[in-house]
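> Pasting a structure below so you can have a look.
The values are calculated or read from the model by the stated rules, or taken from the named source; none is laboratory data. Predicted model only: the values in this text are computed from it and were never measured. Virtual Cβ from ideal backbone geometry, glycine too; neighbours counted across all protein chains shown.
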Amino acid sequence: MTTNNMNDDSIICPVQKLLKFLSGKLKPEIFRLSIKSPLRFNHLLRQIEGSNKQSLAIALKEFEEMNILEKIVIKRKPLHIEYHLTEKGKSLVPVFEQLEGVMMNKNF
């Protein structure tokens, strides 16, 4: 799913766009990890079971396009790239944590 497909007029509930965006194999895990610390590509490849370079790159690009993660080039040696939560991304943390809490409830 790319963000271009998310301009769908059939979305009825305002939350549906966010839930559709966060659905998928990698995105919930990427977001959860981004809450804890800045992300680096190779670290994510090792952390997320079943991930591959292409799907991870696409997911990170979509997070950037939605202004949830910001890509920052660290120019110190060794040169590397980190992904940080934006203010918009930080505003989603309580919502995400509440969803996690609901799912942790054994009665759900």
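> So, of the residues in segment 30-43 that are within 19 Å of GLU100 (Cβ to Cβ) and free of Cβ contacts under 8 Å to residues at least 40 places away in the same chain, which turns out to be surrounded by the most Cβ atoms within 10 Å (Cβ to Cβ)?
Out of the qualifying residues, it is ILE30.
> Answer yes if at least one residue in segment 55-74 is in contact (Cβ under 8 Å) with a residue 40 or more places away in the chain, surrounded by 14 or more Cβ atoms within 10 Å (Cβ to Cβ) and in contact with a Phe, Trp or Tyr (Cβ under 9 Å, 6 or more places away or on another chain), and no otherwise.
Yes, some residue in segment 55-74 is in contact (Cβ under 8 Å) with a residue 40 or more places away in the chain, surrounded by 14 or more Cβ atoms within 10 Å (Cβ to Cβ) and in contact with a Phe, Trp or Tyr (Cβ under 9 Å, 6 or more places away or on another chain).
> Go through GLU64, GLU49, GLU82, GLU97 for me and flag whichever is part of a loop (DSSP other than H, G, I, E, B) and either at pLDDT 95 or above or not small (Gly, Ala, Ser) (or both).
Just a single option satisfies the conditions, and that option is GLU49.
> For segment 62-81, what are the residues that are under 16 Å from ILE30 (Cβ atoms) and touching a helix residue (DSSP H, G or I) at 6+ places or on another chain (Cβ under 9 Å)?
Across segment 62-81, the qualifying residues are GLU62, PHE63, GLU65, MET66, ASN67, ILE68, LEU69, GLU70, LYS71, ILE81.
> Still on this structure, I have one more. Since GLY50 meets every condition but one in (1) surrounded by 12 or more Cβ atoms within 10 Å (Cβ to Cβ); (2) closer than 18 Å to LYS25 by Cα, which condition does it not meet?
The number of the failed condition is (1).
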